[in-house]
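What follows is a single structure, written as structure tokens, with notes after it.
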Amino acid sequence: MPRILNKKNISVIILVIITLYLSGFFLNLFKLFKYDYDQRMNLVYEICGKESYGFINQIHKENNFNKNVKILNPNPNFSFNNSNWFKHKINKKFYSDRLILINENDNLEKISRDKYILTFNKKNLGLFKIVRKNRNCYYLKKYD
């Protein structure tokens, strides 16, 4: 009967454990069991910053959207520049009177108490009112 734990098998087991450790397997497994899906998405894509998954998810939970909401991100360091895929509904149109603006710093110009002019990529998108704000993330509706 051959011995299962010989020097070769022990060295292979140690090599596998070291590889798993260095690749972050144990930490990732821990996070998988500790955090639910939304918490993991917030850790990676942030609540209001980078792709702002947390803010976008919160807006979608609070509103029962039948269509897609356009998401604008003016951050030049954001290479993908599209957070629409988080909640995109296939074969559904976009609202023309609502949008989510993330990582906003200077595209909104206040003209009265609740009226703002939105300029994005040097294009005037019209008058909007802020429905919800979290730091530099905004959920906007066209002003009537």
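Computed from the coordinates by the stated procedures, all read-outs in this text should not be read as laboratory data. Treat the numbers as computed from the prediction; the structure is a model and nothing was measured. Here the Cβ is made from the backbone with ideal geometry for all residues, glycine too, and neighbour counts use every protein chain on show.
Given the Cα-Cα distance of SER11 and ARG132 and 0.36 nm per residue of separation, how much length would full extension add, in nm?
Numbers: separation 121, 0.36 × 121 = 43.56 nm, distance 5.74 nm.
So the chain would gain 37.8 nm between SER11 and ARG132.
Find how much the distance from LYS122 to LEU20 grows on full extension, using 0.36 nm per residue of separation minus their present alpha carbon separation; answer in nm with one decimal.
31.8 nm
Assuming a ≥ b ≥ c are the square roots of the Cα gyration tensor eigenvalues, decide whether the chain counts as rounded (a/c under 1.5), prolate (otherwise, with a/b larger than b/c) or oblate.
Numbers: a/c = 3.75, a/b = 3.07, b/c = 1.22.
Judged from the Cα gyration tensor, the chain comes out prolate (a/c at least 1.5, a/b above b/c).
Would you please name the trypsin sites (Lys or Arg not before Pro) within segment 1-70 that are DSSP coil residues with at most 14 other C-beta atoms within 10 Å of their C-beta? Present the calculation step by step, with values, prior to reporting the outcome.
Working: sites: ARG3, LYS7, LYS8, LYS31, LYS34, ARG40, LYS50, LYS61, LYS67, LYS70; in loops: ARG3, LYS50, LYS67.
Filter output for segment 1-70: ARG3, LYS67.
Return the whole-Å distance between the Cα centroid of segment 5-22 and the Cα centroid of segment 23-37.
22 Å
Among 102-109, 132-139, 21-28, how do they line up by average Cβ neighbours within 10 Å per residue, starting with the highest?
Highest-to-lowest ranking by the protection proxy: 132-139, 102-109, 21-28.
Suppose R0 equals 22 Å. What FRET efficiency, 1/(1 + (r/R0)^6) with r the Cβ-Cβ distance, do LYS110 and HIS60 give to the nearest 0.05?
The calculated FRET efficiency here is 0.25.
Return the Rg/Rh ratio of segment 1-62 with Cα-based radii and a Kirkwood Rh.
1.36
Over 20 Å between Cα atoms: which of LYS67/LYS110; LYS61/LYS89; LYS89/LYS122 fall into that group?
From LYS67/LYS110; LYS61/LYS89; LYS89/LYS122, over 20 Å: LYS67/LYS110; LYS89/LYS122.
Calculate how steeply helix 7-22 sits against the longest principal axis of the alpha-carbon atoms of the chain, using the helix alpha-carbon long axis, and give the answer as 0 to 90 degrees to the nearest 10.
Helix 7-22 sits roughly 10 degrees off the main axis of the chain.
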